[in-house]
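To keep things clear, I will list the structure first and then write my remarks on it.
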Amino acid sequence: MNRIIAAALLGGLLATPALALDAKVEEAVKTFAAVENDPAKLQAYCDMGKTMEEVGDDEKKLEAADSKIDGYFKTLGPEFETAWNSGENVKEDSAEAKALSDALDKLDEKCGGGAPEGEKK
């Protein structure tokens, strides 16, 4: 019986580091949650998502909308921009990528769809 308990405890201790998210990703998730709870920032995020959806992959539209998108980032704040960029060096199928995607999905749900899949980081 003691071996079973010891094995379970050891297994739990070994699994814990794998479940912990990178500190930058944890902060990004918190930042996205804060946007979700701030009506002005949520509106800016939703508007940014609509603009990005309209732009799509069209370079000319992107150039035309660039200052508008920059304005949304200014409204959302430097913490949001840091959070938005935090996915750049995250492995695609990692726990960090899933946490970021889930946090952005929650924001998108608040917008009624929000940013398209290709725009999430």
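The numbers here are math on the coordinates, done by the rules we state, and not lab data. Note that this is a predicted model, so its numbers are computed, not measured. Every residue, glycine among them, receives a Cβ derived from its backbone with ideal geometry; neighbour counts consider all protein chains shown.
Tabulated values for the structure
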quantity: Computed label-point distance, nm, for sites Ala34 and Lys50 using a 7 Å Cα→Cβ extension; calculated: 2.6
quantity: Convex hull volume per residue in cubic angstrom - Cα atoms of region 21-119; calculated: 90
quantity: Extension reserve of the Lys91-Glu27 stretch, reckoned as 0.36 nm per residue once the Cα distance is removed; calculated: 21.3 nm
quantity: Relative exposure of Ser67, Ser94, Ser86, Ser101, judged by other C-beta atoms within 10 Å (fewest first); calculated: Ser67, Ser94, Ser101, Ser86
quantity: Difference of contour (0.36 nm per residue) and Cα-Cα distance, Asp66 to Gln43; calculated: 6.5 nm
quantity: Set Lys30/Lys106; Lys24/Lys68; Lys68/Lys98; Lys50/Lys91 screened for pairs whose C-alpha atoms are more than 22 Å apart; calculated: Lys24/Lys68; Lys68/Lys98; Lys50/Lys91
quantity: Signed unit charges on C-beta, dipole axis of region 21-119, positive-most listed residue Leu62, Ala40, Cys111; calculated: Ala40
quantity: Least to most buried among Phe80, Phe73 (fewest other Cβ within 10 Å first); calculated: Phe73, Phe80
